[in-house]
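Structure first, then comments.
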Number of protein chains: 2
Amino acid sequence: MPKPDKNEMGVTVKKSDDISEWYTQVIQKAELAEYTGVSGCMIFRPRAYAIWEKLQYFFDTEIKKLGVQNAYFPLFIPEALLKRESEHVAGFAPEVAWVTQGGDSKLNERLAVRPTSETIMYDAYAKWIRSHRDLPLKINQWVNVVRWEFKHPVPFLRSREFLWQEGHTVHAKKDDAETEVLTILEIYRRVFEEMLAIPVFKGKKSVNEKFAGADYSTSVETIVPSGKAVQAATSHHLGQRFAKSFGIEFLDEDGQKKLPFQNSWGFSTRSIGAMILFHGDDKGLVIPPKVAPMHAVIVPILFDDTKEKVLKAANKLKELLKDFAVLLDDRDSYTPGWKFNEWELKGVPLRIEVGPKDVVNDNVVVVRRDTGEKCVVRTKEVAGKVKELLDGIQKNLFERAKSWLKENTADVKNWDEFSKAVEQKKLIRAAWCEKTECAEQIKEKTEGVKVLNIPFEQPKKVSDECAHCKSSAKIVALFAKSY
Amino acid sequence: MPKPDKNEMGVTVKKSDDISEWYTQVIQKAELAEYTGVSGCMIFRPRAYAIWEKLQYFFDTEIKKLGVQNAYFPLFIPEALLKRESEHVAGFAPEVAWVTQGGDSKLNERLAVRPTSETIMYDAYAKWIRSHRDLPLKINQWVNVVRWEFKHPVPFLRSREFLWQEGHTVHAKKDDAETEVLTILEIYRRVFEEMLAIPVFKGKKSVNEKFAGADYSTSVETIVPSGKAVQAATSHHLGQRFAKSFGIEFLDEDGQKKLPFQNSWGFSTRSIGAMILFHGDDKGLVIPPKVAPMHAVIVPILFDDTKEKVLKAANKLKELLKDFAVLLDDRDSYTPGWKFNEWELKGVPLRIEVGPKDVVNDNVVVVRRDTGEKCVVRTKEVAGKVKELLDGIQKNLFERAKSWLKENTADVKNWDEFSKAVEQKKLIRAAWCEKTECAEQIKEKTEGVKVLNIPFEQPKKVSDECAHCKSSAKIVALFAKSY
């Protein structure tokens, strides 16, 4: 089979016309993901995995500053262990992939492929924790997890297997645990806003949307240009419920045996999906510089008679930019135009063109991926300019995303406005009564709109009545359909 | 339950008396591993996982220099896909853990939990590779794998789930592929010799011990003080067999469709087990400085009247050592003696004691974990001395390991000597005929001794006859029982 031609290579649909098809094309053509024979199980190709590595590095560095240590707990959780905490198992059992055979033998007990690791970790914690001196215990793991969902899978955003980190900490005092919940949530905000240039809302999950087994859950949430919300990360306070179920106790300084307080928190590779949807455009992927595996690509404009000189200049340029991740695309078999399209599709933040005239003038042309803006830069000033442009792109993407989010947020007073905003696929802010039945009715009437969270920074309340049931409403909540 | 007393805390058996019990105690008491309810599935606790992170960092940096990119392929491999390469599946099928249920539904096709990822990766490679321009393709992943073995599990060394990296590369030319096999093997040698201070032998696997589906396999091998061999890492040349089975073809520069040549290579968390067995002593774990998560522990000697001064000096010391990973153990509730034992058990390379007299004299006492040697160091010279001692420990551990290995290697001429060396649990070097039946007979007669590899650096051949069957022997092979 020959290489696909230029048209096939590029994205053939506009993002605004059919975002779902656009997304499917981008993840494949920009070589981010590949489908496999198992529905919902996808390949994270190097271009996507490298973004994940950047996020890992940032988050891992931050949690290590807090004294969190990495570990690895088994993939397989015996059925009885998974069932020990009743509220928790009810939340996960319908989505568990079960191992029932080892080689030719039937196993005595089914083994769950971890959907999350509270149960297997806390069983061990009960062995390790004896005294207040063993606390706080702060362990994190970077692992694959499996949730055998039956909804339509969407690569990155809703896949049966995904990659995440899960932190599980134990504290002697409730206060310390609750402080940590918010400290971690703030790091998640930074992962999304500072690294991925995605604005998010910090808040508390409603009772019916909280993590199965948690006292309460907090989250960072956003809505992406498909009009669907993404729960970007969660940080849960588990209280003492798991400690009770798993027998985690400690001897406190006062000589008393006590139950500790626990947290768990995680974010996953769905963050990559949100990034693709937020920043991509009709030409393909746009990667924020802070998570870009490659900052710039140098494309030399080659003609037979000046080839040698231009290549020399391009190599010198690469040397000048050695503090950045730069590729010199000196492939002979593609035209500059082909290369421009390819690297735009793949979302590289900057393209640097160097041709015969540039060599004569000791210039290069630098092109921004986010705006298409071109500028001519003196060769000797290129490193400083690249730094400045990368910072500018990071900032611009975030500002643009914030504007988009603002335009696509609706403050609604009543059910009419609410319904209209649902149709327009907006992020809805509405006064809400906090009743579980009310949330369930909203979900039913709207075919899936749910409470994302109750933002900590409460927006101005435009009504004192619940936008749905009209009963008294103390808070404003965020609503949308979600992945 | 109260804290265990000092005797219970330490290792209660000598390494030379019962190395198996010694190992079991060390991995638990030094907090490296924890057993779980599922046989063969263990917890990698933070102290062990941190060693793995050091090895990952070293190896990952080296392979990225070669242009290898990280990715992530699904955990689940459909049964039909696993079976596509007949020799390969025969090698792995008896050890596969099978997922047969998702939630409450029975799956249409069983899914293998990956024992290794050749099949799922090469199915994708067939989609991605079209032209010589797509080659070489070099992808690696750091993942968990499961091999449902029925042998007695040994944490780190033989567990049903373990962590590893698997690199899978595709090359247009056989030469390039074969060169890479050895380039990677050399990085493995460095992982073991330079990082873990474990001497290894590079060589080629015998035909009956090669990887299922490979043209040939190479490995680094060693024997540890339990008298058992550890296959430390392997680098396989797969030839074109998988390319044929999975339909991987490329259009070469000459316009011809061709089958590419493939390699795969991996090393795993079993390396940690080898390290524990090689360097540990009767006091517990000894960690080579290059993989030690903590280089030194500062233990202040505290008395009521001088406490403040000593703590101040200890904090200053920590500041002077900020380029190293240093813990200041200022816990009030333990005596210095208790702390000495604890950190020896946990293998920290250096202990730095600072007491009232040291403060007066502006000295500290530095104690080596490997030799127990103490030296008094001027405070202002401590950073330089710590660096020097860490280098010295790394070197000493490797030299000591090499001497031990030399003493425990036997060059044997005939079956009498061979059998005696088996009894003495030595690493055996013997002339060998390279026949599969001969290797099988040796294994049977000795209850498990096998050919480890045929070293590239051939030792002096002490006979021209196979030490077992007496037929003509061209090479010397390494033999031992192995994990």
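Values in this text are rule-based calculations from the coordinates and carry no lab data. Keep in mind that this is a model prediction, so the values were computed, not measured. All Cβ positions, glycine included, derive from the backbone under ideal geometry; neighbour counts span all protein chains shown.
So here's what we get for this one:
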item	result
Candidate aspartates and glutamates for bridging to B:LYS425, where Cα separation is under 18 Å - those fewer than 8 sequence places away on the same chain excluded	B:ASP17, B:ASP18, B:GLU21, B:GLU221, B:GLU407, B:ASP411, B:ASP416, B:GLU417, B:GLU444, B:GLU447
Qualifying lysines (Cα of each under 16 Å from Cα of A:LYS339; at least 8 residues distant if same chain)	A:LYS3, A:LYS6, A:LYS29, A:LYS283
Cβ neighbours within 10 Å from other chains - mean over B:106-117	2
37 °C / 0.692 mPa s Stokes-Einstein diffusion coefficient of segment A:347-483, Kirkwood radius on C-alpha pairs, µm²/s	180
Copy-to-copy label separations for A:LYS380, where each label sits 7 Å from Cα toward Cβ, in nm and ascending	4.4
Simple label model, 7 Å out from Cα along Cβ direction - B:SER86 to B:THR335, nm	7.1
Length released on extending from A:GLU373 to A:GLU149, taking residue separation times 0.36 nm less the Cα-Cα span	76.3 nm
Amide H contacts of A:SER268 (H built 1.01 Å from N, under 5 Å, at least 5 apart or other chain)	none
Segment B:294-395: C-alpha gyration tensor shape, a/c 1.5 cut-off, then a/b vs b/c	oblate
Given B:LYS290/B:LYS406; A:LYS309/A:LYS385; A:LYS374/A:LYS426, the pairs whose alpha carbons are separated by over 32 Å	A:LYS374/A:LYS426
Positive minus negative residues near A:ARG45 (Lys, Arg vs Asp, Glu; Cβ under 12 Å)	+2
Nm distances between copies for A:GLU79, ranked from closest, using label points 7 Å along Cα→Cβ	2.0
Value of relative contact order over chain B, rounded to a whole percent, pairs C-alpha under 8 Å and six or more apart	14
Local net charge near A:LEU55, Cβ-Cβ under 12 Å (Lys/Arg +1, Asp/Glu -1)	0
Environment charge of A:ALA229, counting only residues whose C-beta is closer than 9 Å and scoring Lys/Arg +1, Asp/Glu -1	+2
Shielding of A:39-45 by partner chains, average beta-carbon count, 10 Å	6
Peptide B:146-152 - average C-beta neighbours from other chains (10 Å radius)	3
From phi via Karplus (6.51, -1.76, 1.60), per-residue ³J(HN,Hα) for segment B:156-171 in Hz, x at Gly/Pro	6, 7, 8, 10, 6, 10, 9, 9, 7, 10, 10, x, 9, 10, 10, 10
Those aspartates and glutamates that a straight Cα-Cα span of less than 12 Å connects to B:LYS210, excepting residues fewer than 8 apart in one chain	B:GLU87
Rough spin-label spacing in nm, given labels placed 7 Å along Cα→Cβ, for B:LYS380 and A:GLU440	7.6
Neighbour-count ranking [beta-carbon atoms within 10 angstrom, fewest first] of B:ILE475, A:ILE184, B:ILE287	B:ILE475, A:ILE184, B:ILE287
Amide hydrogen neighbours beyond the local backbone of B:ASP411, cut-off 5 Å, H modeled	B:ARG429
Share, in percent, of DSSP beta bridges within the protein assembly as shown that are antiparallel, nearest 5	80
Segment B:172-192 versus segment B:444-483: alpha-carbon centroid distance in Å	24
Residue order, fewest to most beta carbons within 10 Å, for A:THR371, B:THR234	A:THR371, B:THR234
